[in-house]
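The numbers here are math on the coordinates, done by the rules we state, and not lab data. A quick note: this is a predicted structure, and the numbers were derived from the prediction, not measured. Ideal geometry is used to build each Cβ from the backbone, glycine not excepted, and the neighbour counts take in all protein chains shown.
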Amino acid sequence: MYSRTLIETDSDHWVIQQLGEDLVKSQEDLFGKMQWTDLQDMLLGQLFDRGVTKQDLENTLRQVPMAYEVDQLFSKVITNPGQFDEQGRLHVSRFHGLDLEPHGCANPCQPNLCKGRELQKLIDAQPWDQIVYMGDSTNDFCPSTRLRPHDLVLARAELLLEKAIKAQPELVRANVTYWKSAHDVLQACHGIFNISSTKPSLSTAATTNASCNQLV
């Protein structure tokens, strides 16, 4: 739910566009031919071979346009693991690694991460008054099916999650709101977080009686 949801771009595309613009075509051409996480790892290796450093990557990611002030709101992030090796090359790998059994989800989840299974672990770990799930892609459909009738799915309009929900609405019990901008999300959150200010910040909305976890 990170790219095109909490930031105003796609983080994978952003890094390549900023640090290896000529690799954008390779990224586009190989889409659907390679698993996406594996493709990003390969492209990061090519950037490293060109002399792109850890500092270059960190500086580039700091420039990602955020949707309001959301970068300090999260207590936990569940995503594909990444680490720098001794030479300074960044490696990213699948959350459900190639050496592990496939997650075997019946929903259209990507092989690298079943967000529904990880969300279910959070749901089972403690009681929640209400869960608000934001997403935009097919991989966000599975967690949407795990929610209760009084929970809320905030699905980015005109993208794959909206299409998936409308194709199988009977599988999603939660309320669904479609949004196009961060302002739409703030409006949807007004009643949930009892926001009285006419111009609230998202940090105020999201930290009132709430714990924020991020599935990427």
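Projected label points at Leu61 and Leu30, each 7 Å from Cα along the beta carbon direction, are separated by 1.9 nanometres. Sparsely packed loop sites in the stretch 124-192 (the trypsin sites (Lys or Arg not before Pro) outside DSSP H, G, I, E and B with at most 12 other Cβ atoms within 10 Å) comprise Lys180. Using the Cβ-Cβ distance between Val77 and Gln130 with R0 set to 22 Å, the FRET efficiency works out to roughly 0.55. Going from the fewest other Cβ atoms within 10 Å to the most, the residues Val24, Val132, Val64 appear in the order Val24, Val64, Val132.
Here's the list of lysines a cross-link from Lys163 could span, going by alpha-carbon distance under 22 Å and ignoring same-chain residues fewer than 8 apart: Lys115, Lys180.
With a ≥ b ≥ c taken as the square roots of the eigenvalues of the C-alpha gyration tensor of the stretch 129-195, please select rounded if a/c is under 1.5 and otherwise prolate if a/b is larger than b/c or oblate if it is not? Please report the intermediate quantities before stating the final value.
Details: a/c = 2.31, a/b = 1.28, b/c = 1.81.
Oblate, because a/c is 1.5 or more while a/b does not exceed b/c.
For Val153, the residues whose modelled amide H falls within less than 5 Å of its own, excluding neighbours fewer than 5 places apart on the same chain, are Tyr133, Asn175, Val176, Thr177. For Lys54, the lysines whose Cα falls under 24 Å of its own Cα, not counting residues fewer than eight places away in the same chain, are Lys25, Lys76.
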